[in-house]
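Please read the structure below before turning to the comments.
Values in this text are rule-based calculations from the coordinates and carry no lab data. Remember, predicted model here, so these are calculated numbers, not experimental data. Note: ideal-geometry Cβ built from the backbone for every residue, glycine included; neighbour counts use all protein chains shown.
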Amino acid sequence: MLFARTPAVRSSDQIAAMRRAGRVVAEMHAEIRKAIAPGVTTGALDRIGREVLRANGATSNFLGYGHPPFPAVICASPNDMVVHGVPSDEVVLVDGDIVSIDCGAIVDGWHGDAAFTAPVGQVPAEIQRLIDVTEASLAAGIAAMVDGNRIGDIGAAIERVALAAGLGVVEGYTGHAIGQAMHEAPNIPNQGTPGTGAKLRVGNVLAIEPMLVAGSTETVVLDDDWSVVTDDGRWAAHAEHTIAITPEGPEILTLL
Ligand code: MG
Ligand code: MG
């Protein structure tokens with residue numbers, strides 16, 4: 001079989017450091033969420049993220065990431081954009097849009113990473129439901145992060161919630177272990193078979209991030225080499241937390 005790498009086991013001190021990073025990410029989310037409104041640009045939301053990082057003495061794990069180097073501290077992905085949208089002063093949010101915000105922080109060398117999708121003004125009920133089911137699928141994935149479970153249990157739980165609601169799980173993008181790098185092995189798929197894959201243990205820290213759609217689960221990358229959109233133009237929602245497996249169960253680190 002292909003090697004199924006087990007996620008690293010972190011000490012309680014290391015998890016405490018990741019909790020500090022996670023709180024900065026949660027503060028970025030809170031401040032950006034407050035600012036999301038018709039007429040706001042995604043470039044302005046990025047500047048809010050930069051200010052929260054600066055005020056906390058934290059650095060960005062998004063800025064400069066990858067090739068070409070990502071130019072911002074948040075990904076802002078409206079409507080049919082699934083993930084990795086590049087913020088811009090030319091992207092103006094309008095009433096009825098949705099926007100997914102994904103961002104992270106590094107504190108003392110340890111990383112946090114989380115995402116949410118929010119409505120801009122008023123959205124149709126079926127679009128709000130897409131957001132709500134995406135959050136429910138994330139919660140189900142988190143609930144499966146129990147010592148002794150396997151990675152496949154997480155994806156199976158996410159997929160079960162999506163399919164029960166008549167929605168699809170985007171192909172080709174996954175969650176990941178996280179620690180002293182944002183993306184550590186192994187990947188944590190948003191689909192899976194219960195009881196398969198590497199075993200989960202107390203001390204594992206994972207970023208779980210379902211991306212759900214009502215239409216096609218296939219995507220296309222735009223010419224900026226970052227923006228990922230659905231191939232049928234229908235809208236997508238994304239939700240993510242960084243979570244530690246503790247002796248008491250899963251602890252979300254990216255909450256205030
Ligand atoms: Mg993320
Ligand atoms: Mg992530």
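Take the Cβ atoms of residue 108 and residue 216, set R0 to 45 Å, and the FRET efficiency comes out at 0.60. Along each principal axis, taking the top coordinate minus the bottom one, the Cα set of the chain gives 47, 43, 32 Å in descending order. Between residue 128 and residue 201, the contour length at 0.36 nm per residue exceeds the alpha carbon distance by 22.8 nm. Entry note, segment 2-252: relative contact order of 23 percent, from Cα contacts under 8 Å with a spacing of 6+ residues.
Label-to-label distance for residue 231 and residue 92 is 3.4 nm, based on points extended 7 Å past Cα in the beta-carbon direction.
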